[in-house]
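The values are calculated or read from the model by the stated rules, or taken from the named source; none is laboratory data. Keep in mind that what you see is a predicted model, and the values were worked out from it rather than measured. Using ideal geometry, Cβ is built from the backbone for each residue, glycine included, and neighbour counts are taken over all protein chains shown.
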Amino acid sequence: MTKPIGPICNLDCEYCFYLKKEDLYPETKSFRMTDEVLENYVRSYIEAQPTNEVVFAFQGGEPTLMGLRFFEKVVAYQKQYKRRGMTIQNTLQTNGTLLNDDWATFLKKHKFLVGISLDGPPNLHDKYRFDKQGRPSHQQVVDGIRCLQAHQVDYNILCVVNECNVQKPVEVYNYIKSLDVEYMQFIPIVEHFGDGDQVSPRSVGAKQYGQFLSAIFDEWVQKDIGKIFIQIFDIALEAWLGYNPSLCIFNETCGSALALEHNGDLYSCDHYVEPEYLVGNINNQTMQELIESDFQIKFGNDKKDTLPQYCLDCEVKFMCNGGCPKNRFIKTPDGEDGLNYLCQGYRHFFNHIDQPMKLMAAALERGQPAASIMAVMQKRRASKNQSTKRPRRKRRRQ
């Protein structure tokens, strides 16, 4: 992914870890990617691809601050350098507040997939997501969503799960659905401090996160399979079908989500934009040389090679694979380093969905849609509710 405007953003979200990355470049006056770096990036990135399907991902900061002209150049360079038969997909992660008809027309024309950040209804979203003057951003985000919908732009919602909205999973889910959203993902906020296991008050509790996902899953599995698509549910189904999870945090190894800064600096991962994880600069080496460097290969393999025995023996290891390395900062019950802070939540959730996932996997293997299990799940819920309502007989006194 590339960050053409570095950490610069028009919002001042309280939990955003990337706003602080401005400190990495204290002498930089402008964080805007130059045309020279952009062209070099597009050309080098295309040359490094082993297949004819290429995905460019633009994030920030807030990438729309670069303006439409920048992205028109992106598309022009892609057209100039792509190989015959190559398909290029662009994704754009935005807070949505600057979107308008001009943006939506461009995004639709060039088939961008847009991710918009929304943390739930106004009272939950605006708790942490506000502008530089402290003003709420919720309505602007919803206006941006409506603009994309009006122009039929493909988009999904990214909901950051924090200590506040984690307490209202079904409310958050139903609210996002009420906006006619079909694709969503739920990303936990884990802010780690120091060398111990302390996290910020904003951080989601591990078990809370698992319960949050489980509550939404229970709604989805009875009503919305095939209608609403939730990233972690789709990835889980891959694993239950026997495939290696395609999302980097659940894959055996990582290292494919490198982060490119505005000046051409390439870091091992978006979550590791720190001096010690600087792979190099695309103005000095080709993208392929950097991606295939011993440094980056080791970074990717370390996820698997440093997995604690506790994880290797875990019943949901096939799905979790230890989770994202950035969150592996607590000790196992045996005192071994490297356990994921979210372990308790992941185990709760993946065990909770085990039976429905097996039913969906079996249905797909029979050539039936996954949605065919909804009737079964509805009956199970009705039966469970009936049993809890059944009055108990009073014991007769002897």
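Structure summary
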read-out: Number of positions in the range 244-270 that are outside any loop (DSSP other than H, G, I, E, B), more than 14 Å from Leu24 (Cβ to Cβ) and in contact with a helix residue (DSSP H, G or I) (Cβ under 7 Å, 6 or more places away or on another chain); value: 1
read-out: Residue, surrounded by the fewest Cβ atoms within 10 Å (Cβ to Cβ), within the range 129-145, restricted to residues that are touching a residue at least 24 places away in the same chain (Cβ under 8 Å) and of a type in the set (Lys, Arg); value: Lys132
read-out: Only one of Asn340, Asn327, Asn321, Asn385 that is under 27 Å from Ile187 (Cβ atoms), among the polar types (S, T, N, Q) and without any contact (Cβ under 8 Å) to a residue 60 or more places away in the chain; value: Asn340
read-out: Cβ pairs under 8 Å, 6+ apart, first in the range 159-174 and under 15 Å from Cys16 (Cα atoms), second in a helix (DSSP H, G or I) and of a type outside the set (A, V, I, L, M); value: Cys159/Asn165; Val161/Tyr209; Val161/Phe212; Glu163/Gln208
read-out: Residue list for the range 218-237, filter: crowded, with 17+ Cβ neighbours inside 10 Å and under 17 Å from the mean Cα position of the chain (by Cα); value: Ile228, Ile230, Ile232, Phe233, Ile235, Ala236, Leu237
read-out: Complete set of residues in the range 59-117 that are part of a loop (DSSP other than H, G, I, E, B) and without any contact (Cβ under 8 Å) to a residue 40 or more places away in the chain; value: Gly67, Lys82, Arg83, Arg84, Gly85, His110
read-out: Matching residues, the range 153-172, being surrounded by fewer than 18 Cβ atoms within 10 Å (Cβ to Cβ), out of contact with any Gly (no Cβ under 9 Å at 6 or more places or on another chain) and assigned to a helix (DSSP H, G or I); value: Gln167, Val170
read-out: Residues satisfying the stated conditions in the range 175-194, i.e. touching a residue at least 24 places away in the same chain (Cβ under 8 Å), more than 18 Å from Val114 (Cβ to Cβ) and in a loop (DSSP other than H, G, I, E, B); value: Ile189, Val190, Glu191
read-out: Residue in the range 17-24 that is at pLDDT below 90 and touching a Lys or Arg at 6+ places or on another chain (Cβ under 9 Å) present; value: yes
read-out: Pick from the range 83-128, criterion among the aromatic types (Phe, Trp, Tyr) and farther than 20 Å from Phe17 by Cβ, ranking: surrounded by the fewest Cβ atoms within 10 Å (Cβ to Cβ); value: Phe106
